[in-house]
Each structure stands twice: as structure tokens, then as C-alpha cells.
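Data block below; observations after.
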Amino acid sequence: MMSRRRIFSRQTPVTVRLPSLLLIVSGAIALAFAWWLENGRGLVPCALCLWERWPWRILIAIGLVGMMVPRRWARSVSWCGVPPLLAAIVLSVIHAGVEWGFWASPLPECAAPRLKGQTIAERLASMPLQPGKPCDQPSYLFDWLPVSLTELGGLAALLVLIGFVMLLRGVGDRI
């Protein structure tokens, strides 16, 4: 009897996809939470808050790529999630420093609008359509919890980074 040739071999464990799944789930939860705060609770995000969402979007993209590539490359692709997580932490530290008054915001959108023109009509025409939230004014999830949403986002990114690296190192030991 002729032996069958296996086209797909299981040389790598199923758990090689878990880091990519963690990137997708954590990014989706972070963005869904931001959407809920903005639309459900009516909180207006500042310019730095909007910048803090980008690493989570990038994590979702990296996680999706990690789920689609062949298994032998999944772990390498997943390691690309470390820089966006570090960027999320750095952005949170920058924003928290602005909230605490340690330094000014690096973004010009966080400053008061500069009105142009000589007459009142010209100045009103140069005003932004919607008022922006100043970056140095923290938003809190609960009144009784003195931790701003910026600090919570940085803590979440740090916890995801720790779990992600531990998961990747554990997966690397089994391969």
C-alpha cells in the first residue's frame, strides 16, 4: 500500500496564532471603548486622544496579517506588534504629562484657536466649527477614581505589551 503524502503538516502548534489574536482583540476593545466614550457617554476627545487611537488600529492590521500568513511566519509578524504598543505607551505618557502640566502639548490643535481678522465678522468666520477639548483637561471614567482615561489607556497598553511578550516567548519555546 502506498503511503500518503501530507500536504499540510502540523509542525507548529495551534497556539502560534494566539499573539495575533491578542493584537486583534485588544485593538478592537480599545477602539470600541473609545467609540463608546465618545458616542455613548458624550465625551469629546482632544487631539492627543485621537493620536492615541492610531497604535491600536495598527495592532489590528498587524494581527490580521499575522492570522493570514503561513504558520511559520506568524510569530515573526506578531513581533511587529511591539513597536505600536510601545508607541501607545509613549503617547499616553506624553498626554499624561500635558494633563499634569509638566510640559505643553506638542500638537498645535491643543492650543486655543487663533482668531484672524480685524472685524468681529472676520473673527467669527475664522473660528472652528466645533469647539475642541483642550489636551490639558483630563477626562475621568468615574468621578471617584482619580485616574484619567489617558492613564488608563497607557496602563492597558502596558498590560497588553507584557501579556503579548509573555505569550510570544511561550510560543517561541514550543516551536
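Computed from the coordinates by the stated procedures, all read-outs in this text should not be read as laboratory data. Being a predicted model, the structure only gives us computed values, none of them experimental.
Here are the numbers for the structure shown:
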item: Value of Rg to Rh for segment 19-114 (Rh from inverse mean 1/r over Cα pairs, i.e. Kirkwood); result: 1.08
item: Gain upon complete extension [Cys80, Leu21; 0.36 nm per residue less C-alpha separation]; result: 19.9 nm
item: Segment Val69-Ile29, length gained on full extension (0.36 nm per residue, minus Cα span); result: 12.1 nm
item: Distribution of pairwise C-alpha distances over segment 65-112, 5 Å bins, in %; result: 4, 19, 16, 14, 11, 8, 9, 10, 7, 2, 0
